[in-house]
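A quick write-up on the structure given underneath.
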Amino acid sequence: MYKTLSAPLRMVVELTSSCNNNCMHCYNYWRHEDEHKSSDDHLSLEKAQKLMEIIKEHRVPCLTLTGGEPFLNKEVLFYILDFASKNNISYGINSNLTYLPDDALEMLEKYGAGVMTSLLSFDKETHDKIVGRAGAFDRTIANIKKLRARGLGVSLNMVTSKENISHVLKTGEFVKKELGIKSFTASKMCVPITASVEFALANEVTKQEVLQSLDALVELKQKYQMNVGNQHCYPDCFIQDLTKYADLNLRRCGSGVSHCAVGANGDVRSCALTDKTYGNIFSESLKDIWLKMTEWRDGSLIPSGCKECPSLYHCTGGCRASALSANKSMAGMDPLATPLERDQIKHVSCYCGKKLFNPDQNYELPKLMSRAETFGYVVAPLPVPYADLVVTKGAWKLLEKIQGTAFVPSELVEKEKLPRDNVYSVLSALYMQGIMYPAEKLNSL
């Protein structure tokens, strides 16, 4: 179903299992197991050094640094930021931002590191209740303002549950008007896989409430030109009208295909939300561990009711962690899925509502990272590889030459005497993936 890359393109690295909040929705599976609630595994500096050498060796281009709360292991965080910056490895930090010591602030400023944090409501009492810590809202807001004052990027994510599902619009407006931040995502809680049935019934949102939250995101986009989206993989048959939500960049799951997660103890999981491990990176090679994740690439985990669906490649059958939580099987049906209504799906005519590729328009291609694979090259934009595309060896030779430049595709084909259809196919795919932009748009970013 999917080709096997030589190594992941993105790795979630959990620097510690410790956290100073106690969020009810936390995806760290151990937080809903009594015997693990006091777990305080930290990635040691020695092991962090070994890990980063492995990542460099395998040319993994992008890391998400998280926990637990990563600033509780700040020595290791500082080391990874320094190593990654020197070795052209992109990174993002996920933090609750309730703890941001001065030396951490200075380190973030040194490397220009941005942070994604959680804001679970515009209402401080609701936020504090969800994270299980009084005063958390005020601490997070204060530290967001410190980062903003130093010109550092901050994006906000809101995990929705029964407690706050009706707050999406007002929280997004608070983010824009009070904090001056344009990036905001809202995603349904993925019920932790070890949580009780009673917990799920009391806290999980309904299908209608999820759609209402997506409507709120669309409204934020239209009223305030915010960059909105979600962090969850929704089945297409649940969304149905993909044209309505085209601007939300609805995502598909990359677990075991292009992504994986490494715990503070070195255990490697295909998905950060699940507990199945495929090996330990400190005792086995990353290559061998990655090859064990075949079930994520060969269709074994796709529900039987999804395998013949024409939307499968786009939505991958929804979220496997949600399926595991609901059905005790990663091959089960996503609880939001309605496969019998697949004929109601309205597809967008082009990716995320973009206008179709125009070979006579001026485009600019950013600098690219590339990694040779047995079936060609995988390319992604720098400095942040937010998307990727597999191309042939011949296509990479062209992209290597034109990366970092502006050009008109039709003029490029004529000047270099290139095969028009082949070149247009590659450039169109880059454009649809969001890797190549109209020149004026890229220059305005």
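The values are calculated or read from the model by the stated rules, or taken from the named source; none is laboratory data. Computed from a predicted model, the values in this text were never measured in an experiment. Virtual Cβ from ideal backbone geometry, glycine too; neighbours counted across all protein chains shown. Surface areas here come from the heavy atoms of the whole protein model, side chains and all, with no ligands, DNA or RNA. Shrake-Rupley method; radii C 1.70, N 1.55, O 1.52, S 1.80 Å.
Brief remarks on what is shown
- Accessible area per residue, Å², region 208-259 with all protein chains present, probe 1.4 Å: 40
- Rounded to the nearest 10 Å², the accessible area of Glu308 at probe 1.4 Å: 150
- Order of exposure, largest accessible area first, which applies to Thr126, Thr194 with probe 1.4 Å: Thr194, Thr126
- Only one residue of Leu356, Ala387, Ser329 has its Cα farthest out toward the positive end of the dipole of region 327-407, where Lys and Arg carry +1 and Asp and Glu -1 on Cβ, and that residue is Ala387.
- Total charge dipole magnitude, region 140-203, about the Cα centre, Cβ charges on Lys, Arg, Asp, Glu only, Debye to nearest 20: 460
- Label point at Lys276 placed 7 Å out along Cα→Cβ; residues across region 306-329 whose backbone nitrogen lies under 16 Å: 317-329
- Structure-derived Rg and Dmax of the Cα atoms in Å - corresponding label in (1) 24.4, 80; (2) 21.6, 67; (3) 25.4, 80: (2)
- HN-Hα J in Hz across region 206-218 - Karplus 6.51, -1.76, 1.60, θ = phi - 60°, x for Gly and Pro: 7, 4, 5, 5, 4, 4, 5, 5, 5, 4, 5, 5, 4
- The chain - share of DSSP beta bridges that are antiparallel (%, nearest 5): 40
- Cα→Cβ-extended label distance, 7 Å offset, between Asp288 and Asn358, nm: 5.5
- A dipole drawn for the chain from +1 and -1 charges on Cβ atoms has a positive end, and of Cys26, Leu72, Pro339 the residue lying farthest that way is Pro339.
- Surface accessible to a 1.4 Å probe, per residue, for the residues of region 373-445, Å²: 54
- Taking all protein chains together and a 1.4 Å probe, the residues Cys260, Cys23 rank Cys23, Cys260 from largest to smallest accessible area.
- Dipole moment magnitude, nearest 20 debye, the chain about Cα centre, only Lys, Arg, Asp, Glu C-beta charged: 920
- Accessible-area composition of region 93-234, carbon plus sulfur, in percent [1.4 Å probe]: 48
- Calculated diffusion of region 206-357, Stokes-Einstein form, Kirkwood radius summed over Cα pairs, 37 °C and 0.692 mPa s, µm²/s: 196
- Binned Cα-Cα distances of region 280-423, short to long, each 10 Å bin given as a whole percent: 9, 24, 29, 24, 12, 1
- When +1 charges are put on Lys and Arg Cβ atoms and -1 charges on Asp and Glu Cβ atoms, the dipole computed for region 276-384 relative to its Cα centre reaches about 160 debye.
- Inter-centroid distance (Cα atoms) of region 210-285 relative to region 101-143, Å: 22
- Computed [θ] at 222 nm, deg cm²/dmol, the chain (DSSP H ≥ 4; -39,500 (n - 2.57); rounded to nearest 500): -10000 deg cm²/dmol
- Heavy-atom SASA rank of Asp215, Asp247 (probe 1.4 Å, accessible area, largest first): Asp247, Asp215
- Residue-span extension gain [Ser304 to Glu178] - 0.36 nm each, minus C-alpha spacing: 40.7 nm
- Residues of region 279-338: accessible area per residue with a 1.4 Å probe, Å²: 41
- Protein heavy-atom surface of region 354-405, 1.4 angstrom probe: 56% of the accessible area is carbon and sulfur, with nucleic acids and ligands not counted.
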